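FYI, it's all coordinate maths here, none of it is from the lab. The structure presented is a predicted model; accordingly, all values stated were derived computationally and were not measured. We place every Cβ from the backbone using ideal geometry, glycine too, and count neighbours over all the protein chains shown.
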Amino acid sequence: MWCRKPRGARWLGLLSRAGAGPLVAHLVVGPYSEGMDPRIHFSAESLAKIKERMSGVEPDTPRPSATVILLRDGERGPEAYLQKRQSSMVFGGRPVFPGGKVDAADSAEIDAWHGPSPEEWAQRLGVSADEARGLLVAAARETFEESGYLLATAADGGELTALNTDEWRADREAVDAREMSFADLLRKHGLVLRTDWLTPWSVWVTPEVEPRRFHTWFFLAACPVGQEVLGVSAESTVDGWITPEDAVRKSAAGELQLMPPQLCTFVELYGHAGVREVLAGNRDVLEVRPFVVENSDGSGHLELPEKLIRLADEVGRAVL
């Protein structure tokens with residue numbers, strides 16, 4: 001959780017494990033009585049350690065990545081699908097949306113592709129056609145690997161249903177192990193990749209102080225109706241659906257340790273009546289490049305766009 005320090009709060013003195021990012025070293029804990037600040041805040045000691053580690057070190061080059069925010073309609077409005085990462089994974093123990101880095105095989109040609117062409121996606125995303133294809137395929141592949149949901153239909157447009165069989169389990173494990181490409185999976189089952197189901201939402205670039213960096217496109221997608229899936233993969237421990245309001249409230253209470261991209265996503269999703277309304281919105285894709293700011297007392301925080309800070313404060317005041 002990334003919130004303004006309340007009266008009587010204490011800093012968590014838990015330094016990151018070796019290899020983990022330093023930005024989750026010292027986080028503020030609730031409860032909170034005012035609006036919400038989505039930025040990470042550091043003690044002077046924590047910031048000094050970050051500066052020492054980065055001294056003379058070239059920042060890691062961000063890896064192209066894709067994340068999918070699966071949405072469904074619930075009784076109280078739209079709900080998003082979250083997983084909790086295994087502790088051994090990047091962002092271990094934290095709630096995340098399905099996603100991961102683009103693999104070389106993701107840029108290969110797809111036989112059956114429905115929706116904007118890679119060239120059209122390239123113009124929309126501001127990348128090359130090959131890069132666009134890689135991002136869209138990685139988004140669908142990672143969603144399938146991590147959740148079991150498949151952003152595809154039969155060749156005749158028919159919906160997929162039973163994706164929880166032994167055959168699908170074996171194929172999912174093969175794709176995850178890179179023994180089968182996603183293109184080959186679609187080809188084997190005669191499926192069409194539905195890139196028209198994906199809507200660009202935001203772009204987040206990992207701060208330069210992180211040892212592993214990603215340039216991640218966040219896409220929205222309505223959860224495919226009728227698919228019976230196997231659930232989380234070996235990369236995650238639990239999964240579930242949550243409303244933006246509950247996500248913000250649980251984050252503020254310290255019950256859901258959302259990172260800034262996930263928290264800001266829920267803040268932006270708050271107030272929508274349903275999935276159709278979210279997907280129908282005409283919004284510019286915001287690119288977020290967080291960076292560390294040092295305060296006069298030696299403490300610091302991870303700076304975010306003013307637009308997100310103001311919106312988080314407004315939503316926090318409405319929810320908390």
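Some observations on this one:
- For peptides 144-155, 276-287, 306-317, sequence by mean Cβ density within 10 Å, most packed first: 144-155, 306-317, 276-287
- Residue list for segment 155-188, given a label point 7 angstrom along the Cα-to-Cβ vector of ARG212 and an amide N cut-off under 18 Å: 176-178
- Length-normalised contact order of segment 123-257 in % [C-alpha pairs under 8 Å, at least 6 apart]: 27
- On the beta carbon distance between GLU159 and GLU109, with R0 = 25 Å, the FRET formula returns roughly 0.50.
- In a fully extended conformation the segment linking LEU125 and ASP246 would gain 40.5 nm over its present Cα-Cα distance, using 0.36 nm per residue.
- Computed FRET value (nearest 0.05) for GLU45 with ARG283, which takes r as the C-beta separation and R₀ as 51 Å: 0.80
- Segment 149-243: trypsin sites (Lys or Arg not before Pro) in DSSP loop, at most 14 other beta carbons within 10 Å: ARG178, ARG212
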